[in-house]
1. Just to be sure before I move on: is Val525 β-branched (Val, Ile, Thr) and free of Cβ contacts under 8 Å to residues at least 60 places away in the same chain in the structure I sent?
2. Across region 540-591, which residue is modelled with the highest pLDDT among those that are farther than 21 Å from Cys352 by Cβ and among the acidic types (Asp, Glu)?
3. Inspect region 621-635 for any residue being at pLDDT below 90 and surrounded by 22 or more Cβ atoms within 10 Å (Cβ to Cβ) and give the result as yes or no.
4. Has region 101-112 got at least one residue that is at negative phi, basic (Lys, Arg) and open to solvent by 50 Å² or more (accessible area, probe 1.4 Å)?
5. Answer yes or no as to whether Ser67 is open to solvent by less than 70 Å² (accessible area, probe 1.4 Å), at pLDDT 70 or above, closer than 27 Å to Phe111 by Cα and part of a loop (DSSP other than H, G, I, E, B).
6. Restricting to region 515-539, name every residue that is in a loop (DSSP other than H, G, I, E, B) and surrounded by 22 or more Cβ atoms within 10 Å (Cβ to Cβ).
7. Looking only at region 30-40, count how many residues are at pLDDT 50 or above and exposed (fewer than 10 other Cβ atoms within 10 Å of the Cβ).
8. Kindly establish whether Leu501 is aliphatic (A, V, I, L, M), surrounded by 18 or more Cβ atoms within 10 Å (Cβ to Cβ) and either assigned to a strand (DSSP E or B) or in contact with a Cys (Cβ under 6 Å, 6 or more places away or on another chain) (or both).
Amino acid sequence: MEDEDIEKAVMAYLKKKGFKQTALALQEEQSKSSSSNISHTDPDVSKQLLSFSESENDPARYQDGYSKLRSWTYGSLDLYKHELLRVLYPVFIHCFMDLVAKGHTQEARTFFSSYREDHEMMHLRDLQKLEGILSPSHLEEMEFAHSLRQSKVKIKICQYSHELLVQYLQTPQSSKMFGIINEHITFEVSPGQPSSISDETEVVTLIGISQDTAKQMNEKEIHWGLLEDSLEERLEKAGGMMPESEKGEGETKEGDLEESKKKSTDGGKQGPSAKKLKKDKVVGATGKSARSETNAVSVAPRVKAELTLPAVPTEVEHSILEDLRNRVRLSSMALPSVCFYTFINTHNGLNCSSISHDGSLVAGGFSDSSLKVWDMAKIGQEGGAATMQGGNGTTPTEQLVGTDDGKRSYTLFQGHAGPVYSATFSPLGDFILSSSSDSTIRLWSTKLNANLVCYKGHNYPVWDVQFSPVGHYFASSSHDRTARIWSMDRIQPLRIMAGHLSDVDCVQWHANCNYIATGSSDKTVRLWDVQSGECVRIFIGHRSMILSLAMSPDGRYMASGDEDGTIMMWDLSSGRCVTPLTGHTSCVWALDFSGEGSLLASGSADCTVKLWDVTASTKIPRAEENKAGSTNRLRLLKTLPTKSTPVYSLRFSRRNLLFASGVLSKGA
């Protein structure tokens with residue numbers, strides 16, 4: 001019996017169990033020792049070691065070991081069970097991948113199908129990717145699987161739960177599971193009671209990079225403040241917002257467009273005007289409390305722009321300043337008026353919608369590769385159908401878009417060669433961008449009603465495109481797992497952001513244009529530096545793909561919505577979740593902050609718009625911010641249900657009127 005075989009068996013065992021430091025130490029000892037000093041091992045011991053090494057490769061040990069670990073976990077005390085259950089998913093996928101890597105393909109498929117149902121609710125998309133692995137070569141070729149095998153998962157667990165798990169793993173029948181856990185899981189053990197079952201941030205997320213790398217990334221310095229010499233800053237220096245006594249006149253301008261529509265559809269009734277007067281009284285009564293909330297933007301730190309900003313025409317600047325002066329102050333006591341545009345007769349062809357900053361234009365992207373833009377003023381003149389609803393300080397208005405009155409009520413833009421998945425208006429409304437499954441982005445002029453540029457760079461369908469807050473620059477996200485920064489005057493991207501493990505589903509600009517955020521099917525959100533193209537934050541906590549993002553006006557906070565209906569509020573400076581929010585029962589497709597940042601609006605496939613009090617959740621004392629298991633939540637102010645219309649898009653105007661749009665579903 002050769003000692004070399006014994007050494008190989010021991011080394012393989014140590015590596016398999018995750019004792020990497022011990023294996024390195026043994027390797028060093030072997031290299032130092034000369035052949036004359038190596039003692040010969042007893043033949044019986046040699047046979048036992050080699051037989052043990054062979055039994056380690058027995059595929060039945062994976063099935064047996066995982067089955068017993070699963071039974072033990074589900075049989076644990078309820079107080080600790082939810083923490084111990086977190087171990088099962090990473091153990092499950094690594095058992096499966098180990099079986100495939102060792103060539104036991106049939107046993108791997110049987111194992112996968114036997115326990116797949118346990119994890120489908122939480123990790124369906126990951127499982128759909130992994131079930132395509134049929135050979136060891138697939139493990140190396142699939143970047144997602146390869147990255148999982150190279151990194152460790154971090155699981156938070158209380159001290160007693162950890163002791164229970166270690167005690168179980170020390171039993172002989174658990175040696176295989178002990179090795180997998182040691183190699184692929186890092187435990188963050190905390191003293192005291194187990195974490196709350198409902199604590200969303202405690203979820204196991206597989207991100208394909210080491211936890212240390214993610215931690216280092218989130219320690220990078222970022223400058224989340226607003227741009228120097230911004231219009232808001234100039235307004236503050238010039239004397240700030242108008243006094244409350246002068247607000248009444250300005251506020252009436254806020255709904256001029258809507259008032260004309262209301263009068264044209266209800267025969268000039270005085271009802272809406274009376275409600276408007278009541279709204280004005282509410283705003284005046286709550287002005288003092290709202291004033292402190294509006295100042296959040298003005299106290300944000302100022303930063304320099306990393307991009308060359310486009311010049312703003314003087315008349316446009318005056319118009320924006322006028323809107324800001326007449327902005328309605330919103331708070332928990334003064335909710336916004338809401339105007340909802342409903343698409344009808346789309347025959348399941350509408351994929352996306354977008355609303356211009358002043359609500360005057362609405363765009364729809366369709367499966368037949370067309371982009372259609374409606375001018376709301378013209379629809380109002382035509383006397384389009386409308387339904388009035390109201391109460392409790394909000395006045396939702398539903399405007400039907402797409403009625404067939406014998407002539408086209410929209411402008412048709414054709415040029416894409418596949419379904420249009422996203423559209424976005426420039427801040428001034430003179431341009432619109434659209435992205436498509438044909439992997440291109442097109443720039444259209446709303447003045448000329450023509451296609452100006454076709455941007456080619458992505459290799460697969462482009463899911464989202466967003467203009468920057470200053471216009472000229474825009475960002476796109478794609479199935480090719482990248483996001484890209486573009487400028488209108490160049491046909492090639494300025495930056496390519498790569499790092500997500502799956503589709504990049506949505507993209508959003510920071511208020512100061514120095515960063516963009518991306519949401520992905522890999523369940524993470526990343527923040528990227530526009531100038532360097534470097535990832536400076538990774539936000540972990542969602543349980544499903546991220547579908548929507550929104551940045552607070554002061555640039556400090558970000559909201560993200562996912563496929564399960566969960567919204568999370570993140571602090572960009574720390575990279576931590578300020579508060580998770582559960583309320584929607586389906587995909588959150590749209591998010592937007594009010595102009596002063598005091599309210600968050602969310603739109604969902606559950607056919608509701610919800611309004612949340614942001615100030616109550618973000619004003620957390622520093623002492624409480626670091627406490628583990630904080631149960632602080634966003635406060636739901638109001639739920640606005642539609643008849644049967646999933647909400648596709650949301651937009652707060654500069655004057656704080658909330659616009660929303662969606663398509664009437666068949667159930668109506």
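The values are calculated or read from the model by the stated rules, or taken from the named source; none is laboratory data. Worth saying up front: this structure is predicted, and the values here are computed from it rather than measured. Because the Cβ atoms are built from the backbone with ideal geometry, glycine has one as well, and the counts that use them run over all protein chains shown. In case anyone asks, the SASA skips ligands and DNA or RNA and just uses the protein heavy atoms, side chains included. Shrake-Rupley method; radii C 1.70, N 1.55, O 1.52, S 1.80 Å.
1. So Val525 passes the test.
2. The selected residue is Asp571.
3. yes
4. Looking for residues that are at negative phi, basic (Lys, Arg) and open to solvent by 50 Å² or more (accessible area, probe 1.4 Å), one finds at least one in region 101-112, hence yes.
5. Judged against the criteria, Ser67 is not a match.
6. Selection gives Ser521, Asp522, Lys523, Val530.
7. 2
8. Numbers: aliphatic (A, V, I, L, M): yes; surrounded by 18 or more Cβ atoms within 10 Å (Cβ to Cβ): yes; either assigned to a strand (DSSP E or B) or in contact with a Cys (Cβ under 6 Å, 6 or more places away or on another chain) (or both): no.
For Leu501, the condition - aliphatic (A, V, I, L, M), surrounded by 18 or more Cβ atoms within 10 Å (Cβ to Cβ) and either assigned to a strand (DSSP E or B) or in contact with a Cys (Cβ under 6 Å, 6 or more places away or on another chain) (or both) - is not met.
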